[in-house]
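Q: Just passing along the structure, written as structure tokens.
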Amino acid sequence: GAGVSQSPSNKVTEKGKDVELRCDPISGHTALYWYRQSLGQGLEFLIYFQGNSAPDKSGLPSDRFSAERTGGSVSTLTIQRTQQEDSAVYLCASSLSYLDEQYFGPGTRLTVT
Amino acid sequence: GENVEQHPSTLSVQEGDSAVIKCTYSDSASNYFPWYKQELGKGPQLIIDIRSNVGEKKDQRIAVTLNKTAKHFSLHITETQPEDSAVYFCAASEAGGSYIPTFGRGTSLIVHP
């Protein structure tokens, strides 16, 4: 079946602009995670959605970052007033529930010039 | 919070040799330890995991060992093949908690034919 998809695959934006990154999880998966992967770094947790519960936003680095998950499916990560240090690969993962294996999408490579 | 250290950052081996990647963690509450393989341009993929109630788990050429007393766990790949070349990440999380994993910084494994 279809895996986790993310769009766009690449995004180049100017410093100060807002960007939206999209994640389509595997159908039926109730848990959805966003991570950031900087060059040579591990995966940094950003935010976690589980069903209809309030999201765990403890990993968001600043108030410029926000995320929504509509209808328990598609999620959008928004970065406002982008900075050069926001340049990274943003990965989305989903799982059947928080107890299950996470399946990752291919990521969105964000470059802020 | 949890801190995961991973070594080495780069590992170069000849085809057919074994490869070992080691991780340490700091939070004694962690009890779930997955390993991910990330190929170029793709998201990480779970290859093996271990829970704290066992000390070793094998899956064909891949094995993981866990020493809870010393708070370290290792990935062993035997009879390496060129297609094993990738970046490998270890992670630790607390099952029964948020299940949000803390990742190591990754090991770039290069298998020379």
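Q: So what are the three principal axis dimensions of segment A:51-113 from its Cα atoms, in whole Å, longest to shortest?
A: Taking the Cα atoms of segment A:51-113, the three principal extents are 37, 24, 20 Å.
Q: Follow-up. Taking the Cα centre as origin and putting +1 on Lys and Arg beta-carbons and -1 on Asp and Glu beta-carbons, what dipole magnitude results for chain A, to the nearest 20 debye?
A: 260 debye
Q: Kindly flag which residue pairs out of B:Lys22/B:Lys68; B:Lys22/B:Lys42; B:Lys22/B:Lys71; A:Lys57/B:Lys37; B:Lys42/B:Lys71 have an alpha-carbon separation exceeding 19 Å in this structure.
A: Violating the 19 Å limit, Cα to Cα: B:Lys22/B:Lys42; A:Lys57/B:Lys37; B:Lys42/B:Lys71.
Q: When DSSP assigns beta bridges and you keep just the ones with both residues in chain A, what percent turn out antiparallel, to the nearest 5?
A: 90 percent
Q: First obtain the Kirkwood hydrodynamic radius of chain A from its Cα pairs, then insert it into the Stokes-Einstein equation at 10 °C and 1.306 mPa s, and state the resulting D in µm² per second as a whole number.
A: In µm²/s, the coefficient rounds to 114.
Q: Now a separate question. Can you work out ³J(HN,Hα) from phi for every residue in segment B:7-12, in order, using Karplus 6.51 cos²θ - 1.76 cosθ + 1.60 and θ = phi - 60°, giving whole Hz and x for Gly and Pro?
A: So the Karplus estimates, Gly and Pro as x, are 9, x, 7, 9, 9, 10 Hz.
Q: Can you tell me the alpha carbon radius of gyration of segment B:1-103 divided by the globular rule-of-thumb value 2.2 N^0.38 Å?
A: 1.04
Q: Then there's this: Summarise the partner chain shielding of B:73-83 as one whole number: the mean count of Cβ atoms from other chains within 10 Å of each residue's Cβ.
A: Mean number of neighbouring Cβ atoms from other chains: 0.
Q: Restricted to Cα positions, what overall size does the protein assembly as shown have along the principal axes? Three whole-Å values, descending.
A: Computed over the Cα atoms, the extents are 48, 39, 35 Å.
Q: Something else now. With a cut-off of 8 Å between alpha carbons and a minimum separation of six or more residues, what is the relative contact order of chain B in percent?
A: Relative contact order of chain B: 37 percent.
Q: When the dipole is taken about the Cα centre of chain B, and only Lys, Arg (+1) and Asp, Glu (-1) are charged at their Cβ, what size is it in debye, to the nearest 20?
A: Computed about the Cα centre, the dipole is about 220 debye.
Q: What number comes out for the charge environment of B:Ser18, summing +1 per Lys or Arg and -1 per Asp or Glu over other residues with Cβ under 12 Å away?
A: Taking every other residue near B:Ser18 into account, the sum is -3.
Q: Kindly state, as a whole number, the per residue volume in cubic angstrom of the convex hull around the alpha carbon atoms of segment B:2-47.
A: Residue-normalised Cα hull volume stands at 116 Å³.
Q: Could you list A:Phe65, B:Phe33, A:Phe104 so that the one with the fewest beta carbons within 10 Å of its beta carbon is first and the one with the most is last?
A: In increasing order of surrounding Cβ atoms, one gets A:Phe65, A:Phe104, B:Phe33.
Every number here is computed from the coordinates shown, using simple stated rules; none is lab data. Computed from a predicted structure; not experimentally measured. Using ideal geometry, Cβ is built from the backbone for each residue, glycine included, and neighbour counts are taken over all protein chains shown.
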